[in-house]
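Written out below as structure tokens is the structure these notes cover.
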Amino acid sequence: METKKKKNARQTALILIAIIAVITIIGVVRRCAADDESVVEHFSRPGGDTLAVAIEMSPLTYTFCNDTADGFDYEIIKAITEDHGVTAVFHPVDRLDNAFRGLYDGDYDLLVATIPATSRLREYFPLTDPVYLDRQVLVQRRDSAGNIAVTSQEQLRGDTVYIAEGSPVKARLENMVKELGDTVYVKTHPGYTSEHLAIMTARGEVHQAVVSRSVARSIASDYPNLDYSTPITLTQYQVWAVAPGDSTLLDSINSWLNAFKATPQYGRLVNSFLGD
């Protein structure tokens, strides 16, 4: 019994390490939106049609102010579940490593967050069809003349960047270091999200950080001195993650999501949250 417990503990640890070390690459082929509608009709959960959703707190995904919830991903998941008679119970999270652990342990059915689709991550979690496109960028401050210090990845040699704790971009930065043949120091502030780091960069509290372009764009509207023009990754599919083994839910979410993406409401959300 003790040996089995140790084996399970090692397996869980390996999965969590793999999650944090996700290789952020482009090239995941989008599936066709040809799911059988019967999947939607037959989706049900024990104890009723409820869905435990871990949702990342960020200006793009989910915010809550003055008793009002908002966010690009939040509006989508709320719309598609309401359309199909499913009650979504939202659990706000600020650390993706903890959220992935909860998803793996069965505490959540779905993780809605800024998640780049990677082949490595697919080995451990079912991933939905693309929700939108995004990329990781360097956020830094402009000087009084509007100039920036770093305009390419090569200029990061010997420099320091901050990332959110548990961010999948860590693996991309490690690969970038190998490509550059030099050192780039990657640091985190425990408990600080990408949004926090972008704001701290704008305020001069940290030198620079790597966050998703969509998050950087939302912060820059309040901090005009913040620049996010230097790309760190190629454009990537952004997806949601489903609890392992729940193929029925995955098929349902994909069907609902792809149908919603064909509506004017999705287009309005894209223009509001992602458009320049």
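Values as computed for the structure displayed
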read-out	value
Residue order, fewest to most surrounding Cβ atoms within 10 angstrom, among LYS170, LYS178	LYS178, LYS170
P(r), alpha carbons of region 136-231 - 5 Å bins starting at zero, rounded %	2, 15, 27, 27, 19, 8, 2, 0
Fewest-first ranking of ARG122, ARG135, using other Cβ atoms within 10 Å as the exposure measure	ARG122, ARG135
For region 88-116 and region 207-276, distance of Cα centres in Å	16
Set of aspartates and glutamates with alpha-carbon distance to LYS187 below 17 Å, sequence-local pairs under 8 removed	ASP97, ASP159, GLU165, GLU174, GLU195, GLU205
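Computed from the coordinates by the stated procedures, all read-outs in this text should not be read as laboratory data. It should be emphasised that the depicted structure is a prediction, and the values quoted were computed from it without experimental measurement. Every residue, glycine as well, gets a Cβ built from its backbone with ideal geometry; the counts of neighbours run over all protein chains shown.
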